[in-house]
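Student: Have a look at the structure that comes next, please.
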Amino acid sequence: MNKGTFYEEKAVEFLKLKGYKILEKNFKTRWGEIDIIAKDRNYITFVEVKARQKNYMVSGLEAIDKDKKDKIIKVASFYASKNLDRFYRFDVLEIIQHKNCFVYNLIKGAFDSGD
């Protein structure tokens, strides 16, 4: 299992504990990929997973630049066009690894399609 897959599986476990229903993992189109698509109450959430080591200089949210946001938004728009749900949100899940434990920082509504 590669590092990205490992952290995405950790993210899925965490989101399930928070009551999210996982709809898709690694949803790919020709425009890009969304790590996790899940349902959180009335929202479809497009979750970007960012793993960090303790004391990393750039947060997971800061690591998502305009180009990455644009790709996520384009893929999300494609997904939305195929589904009937009306409420969407973009979340970022930072997983910060300390020596032998993980700290999870879920940022709901981290950005929107107007950013």
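Computed from the coordinates by the stated procedures, all read-outs in this text should not be read as laboratory data. This is a predicted model, so every value here is computed, not measured. Cβ atoms come from the backbone with ideal geometry, glycine included; neighbour counts cover every protein chain shown.
Student: From the phi angles alone, apply the Karplus equation (6.51, -1.76, 1.60; θ = phi - 60°) to region 98-105 and give each ³J(HN,Hα) in whole Hz, x where the residue is Gly or Pro.
Tutor: Once rounded to whole Hz, the list reads 9, 3, 10, 9, 10, 10, 9, 10.
Student: Going by amide H atoms built from the backbone, whose H comes under 5 Å of the H on D91, apart from near neighbours?
Tutor: Under 5 Å from the amide H of D91: F46, V47, E48, G109, A110.
Student: Oh, and also: With just the Cα atoms defining each centre, how far is region 59-90 from region 27-46? Give it in Å.
Tutor: Comparing the Cα centres of region 59-90 and region 27-46, I get a distance of 7 Å.
Student: Using R₀ = 22 Å, calculate the FRET efficiency as 1/(1 + (r/R₀)^6) where r is the Cβ-Cβ separation of K18 and K66; round to 0.05.
Tutor: 0.20
Student: Helix 3-17 versus the longest principal axis of the chain: what is the Cα-based angle in degrees, 0 to 90, to the nearest 10?
Tutor: It is inclined by approximately 70 degrees.
Student: Would you mind calculating the relative contact order of the chain from Cα pairs under 8 angstrom and at least 6 residues apart, reporting the percent as a whole number? Walk me through the numbers before you get to the answer.
Tutor: Details: 183 pairs, mean separation 26.7, N = 115.
Value for the chain: 23 percent.
Student: If you filter region 1-82 for chymotrypsin sites (Phe, Trp or Tyr not before Pro), then keep DSSP loop positions with at most 16 other Cβ within 10 Å, what is left?
Tutor: W31, Y56
Student: Specify the angular offset, from 0 to 90 degrees and rounded to the nearest 10, of the alpha carbon long axis of helix 66-81 from the longest principal axis of the alpha carbons in the chain.
Tutor: The helix 66-81 is inclined about 50 degrees to the chain.
Student: Report the charge-dipole magnitude of the chain in Debye, nearest 20, computed about the Cα centre from +1 at each Lys and Arg Cβ and -1 at each Asp and Glu Cβ.
Tutor: Values: 23 positive and 17 negative charges, 44 e Å.
Around 220 debye, computed over the chain.
Student: Continuing with this model, one more query. Please return the longest range in the chain lying between exposed loop sites, taking trypsin sites (Lys or Arg not before Pro), DSSP loop only, at most 10 other beta-carbon atoms within 10 Å, and leaving the sites out.
Tutor: 1-29
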